[in-house]
Amino acid sequence: QVQLVESGGGLVQPGGSLKLSCAASGSIFRFAGLGWYRQAPGKQRELVATLSFGGSVNYADSVKGRFTISKDNAKKTVSLQMNNLKPEDTAVYYCNLHLQNDYWGQGTQVTVSS
């Protein structure tokens, strides 16, 4: 059984930074694809960044150059460093683990506002 727990969300001013972390339980972490998604009010959930088992990364165009996804297999964590945050980044951010099935965390709120 896989459980994902996100942390690190909060309120930040435009131009600021936040780092989200997701801690995973279970033994499949190092073999899985990992990702961060977000959902703003009234909108569909969208991809933010993914990191494949082989190390390939993919970012949404809207976050390229500002966000960085990384993982630590020993700690079983996946992180999202978010820099130069904009009000349109405001959303609930979800951690995802994919290996045959999709697993989701409970989400963490990020609010970018002055």
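Quick look at the numbers
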item: Any hit, the range 2-20, residues being open to solvent by 70 Å² or more (accessible area, probe 1.4 Å), more than 23 Å from Asn73 (Cα to Cα) and not basic (Lys, Arg); result: yes
item: Subset of the range 95-114 (residues that are of a type outside the set (Gly, Ala, Ser) and open to solvent by 40 Å² or more (accessible area, probe 1.4 Å)); result: His98, Leu99, Gln100, Asn101, Asp102, Tyr103, Trp104, Gln106, Gln109, Thr111
item: Count of the range 35-51 residues which are open to solvent by less than 80 Å² (accessible area, probe 1.4 Å) and over 14 Å from Tyr94 (Cβ atoms); result: 1
item: Neighbours by Cβ (under 9 Å, 6+ apart or cross-chain): first from the range 49-61, under 18 Å from Gln100 (Cα atoms); second open to solvent by 70 Å² or more (accessible area, probe 1.4 Å) and part of a loop (DSSP other than H, G, I, E, B); result: Thr50/Ser56
item: Among the candidates Ser79, Ser27, residue that is over 10 Å from the mean Cα position of the chain (by Cα) and either of a type in the set (Ser, Thr, Tyr) or within 19 Å of Glu6 (Cβ to Cβ) (or both); result: Ser27
item: Answer residue from the range 75-94, given it is of a type in the set (D, E, K, R) and without any contact (Cβ under 8 Å) to a residue 60 or more places away in the chain and is surrounded by the most Cβ atoms within 10 Å (Cβ to Cβ) among those; result: Asp89
item: Qualifying residue in the range 52-68 (condition: among the polar types (S, T, N, Q), open to solvent by 20 Å² or more (accessible area, probe 1.4 Å) and under 17 Å from Gly105 (Cβ atoms)); result: no
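The values are calculated or read from the model by the stated rules, or taken from the named source; none is laboratory data. Predicted model, so just to flag it, every value in this text is computed and none were measured. Backbone-built Cβ (ideal geometry, glycine too); neighbour counts: all protein chains shown. Accessible surface areas use protein heavy atoms only, side chains included; no ligands, DNA or RNA. Shrake-Rupley method; radii C 1.70, N 1.55, O 1.52, S 1.80 Å.
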